[in-house]
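Heads up: the structure comes next, in structure tokens.
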Amino acid sequence: MGSRKLQTHIAPSGYKLPSIHAFPPFFCFQPAAKTRVSQDDQWVQLILSYARFRRLFTLTVDDAEKTGSDWEEVLINERINRRLTKQQVRTLLQMLVARGQATYEPPRQDDSVLLYWRKPGEWAEVLHSWAVSTGQLNTIMTFYEIQAPSLPSELSDIPTPLLKRAIDILTKTNRAQIIESGEGDGVRFFAGS
Amino acid sequence: MAASIAALFGFNSKLPKITKRDKAILDMKHQRDNLRQYQKRIQWILDQETQLAKEALRKGEKEKARRALRRKKYQESLLQQTDGQLEQLEQLVANIEFSLIEVSVMHGLKQGNEVLAQIHKEMSIESVEQLMSETREAIEYQREIDEMLSSKMTADEEDEVLKELEAIQQELAPTVALPDVPTTVPVKVGTPVKEPTPLADEEDRVAVPA
């Protein structure tokens, strides 16, 4: 015991896993309160940073104990034969939501969250500066245009609930306007003050 | 206060109203997106059929492979049709948006024209002439005041004014920089002298013992 050196590890996706990910007790929630808090911090940090790296927007209980999921590299460490259980992932989700780093999506369940590796306020700014820099002000746009542009952008694949939240924030400062229609909603951006 | 209450309730006079035209444009863009999504789906089906045909051939099921390829061909023809439709729709959307820009440019030109006309109205020839004659009158008036002031002065006063002017001029004139008095005896040109001899009084000072 203790002779094995903890090292960072480059996952197949190219993500550099922190050395703690190779520490077996990391995969088991610690009973001592102080240790547990620091462990929670590390997990939250790891999840958000991995999500940002791979542009993952959701984490679900189902991602645990499953090979081939987007989260396999983080939730499973085969080199030390450790993995998080579904129950542990559910606890992680609770923690993320309690810290405001995620929100249950859809609401009123606790199986799946929308991750905020950028807070909705930050997404609002990204969205607005994208609209300005691509000359999309004062034009009516569909959500699909923003989510699936022909050339990938910073907003590619952004989930609709998150996009709506960001637009809502912009409407409060007169920088966007939602246009409702039978076919689906659209948005119009303005320069704002 | 009123503004913040209005903002609370979502009223906003600053934002443009959403018109029926806006909704029509949005609907058209949605149609365009639907077509794009449809194309994505067909592309996926095409890839699948190709995969299927390959697998069937590997297993030696030639008939199955042929059927898959036939289906693929059909889907390809659909894809081509949607290509044409998509192009039409995109052109229509682009034309409408361009027309909207033209309308706003026209509006801008119209406003500019109105402003220009108004400025011209303010600058009518009569008012310009009046202004010019008023200016001329003002100059004339100033000259009269000058004349009156100078004619009321006596010859003495006039002299004093000139004197004061001279004094100020002298004050302002730059002082002439004069060269310093030389400390050496001038040397006759042509006589070779090693060093200029110091002045006599200086020599005396050195000679007297203490």
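A few remarks follow.
- Hey, B:Leu162 at pLDDT 85 or above and open to solvent by 80 Å² or more (accessible area, probe 1.4 Å) or not: yes
- Per this entry, B:Leu149 is counted among residues that are without any contact (Cβ under 8 Å) to a residue 24 or more places away in the chain, in a helix (DSSP H, G or I) and surrounded by fewer than 10 Cβ atoms within 10 Å (Cβ to Cβ).
- Any hit, the range A:67-75, residues being over 22 Å from A:Tyr116 (Cβ atoms) and at pLDDT below 90: yes
- Look at the range B:17-36: where a residue is open to solvent by 40 Å² or more (accessible area, probe 1.4 Å) and a partner is outside any helix (DSSP H, G or I), sitting 6+ places away or on another chain with Cβ atoms under 6 Å, you get B:Ile18/A:Ile179; B:Lys23/A:Ser181; B:Asp27/A:Ser181; B:Asp27/A:Glu183.
- Checking each residue in the range A:151-162 for being part of a helix (DSSP H, G or I) and away from chain B (no Cβ under 14 Å) picks out A:Pro161, A:Leu162.
- Top-ranked residue in the range B:167-207 [being open to solvent by less than 100 Å² (accessible area, probe 1.4 Å) and among the polar types (S, T, N, Q); ranked as modelled with the highest pLDDT]: B:Thr184
- Test: A:Trp123 is under 20 Å from B:Arg36 (Cβ atoms) and out of contact with any Phe, Trp or Tyr (no Cβ under 7 Å at 6 or more places or on another chain): no
Matching residues to (1) under 17 Å from the mean Cα position of the chain (by Cα); (2) loosely packed, with under 13 Cβ neighbours inside 10 Å:
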| residue | (1), (2) |
| --- | --- |
| A:Leu6 | no, no |
| A:His9 | no, no |
| A:Gly14 | no, yes |
| A:Phe23 | no, no |
| A:Cys28 | no, yes |
| A:Val37 | no, yes |
| A:Val44 | yes, no |
| A:Phe57 | yes, no |
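- Single match in A:Arg83, A:Arg90, A:Arg99, A:Arg36 (criterion: assigned by TED's automatic domain parsing to the domain that holds A:Ala22, closer than 20 Å to A:Pro159 by Cβ and basic (Lys, Arg)): A:Arg99
- When the test is whether a residue is over 14 Å from the mean Cα position of the chain (by Cα) and over 18 Å from B:Pro16 (Cα atoms), A:Val89 passes it.
- Residue that is farthest from the other protein chains (Cβ to nearest Cβ) [pool: residues in the range A:169-193 that are touching a residue at least 24 places away in the same chain (Cβ under 8 Å) and in a helix (DSSP H, G or I)]: A:Ile169
The values are calculated or read from the model by the stated rules, or taken from the named source; none is laboratory data. Please read all numbers here as calculations on a predicted model, not as lab measurements. Every residue, glycine as well, gets a Cβ built from its backbone with ideal geometry; the counts of neighbours run over all protein chains shown. For accessibility, only protein heavy atoms count, side chains too; no ligands or nucleic acids. Shrake-Rupley method; radii C 1.70, N 1.55, O 1.52, S 1.80 Å.
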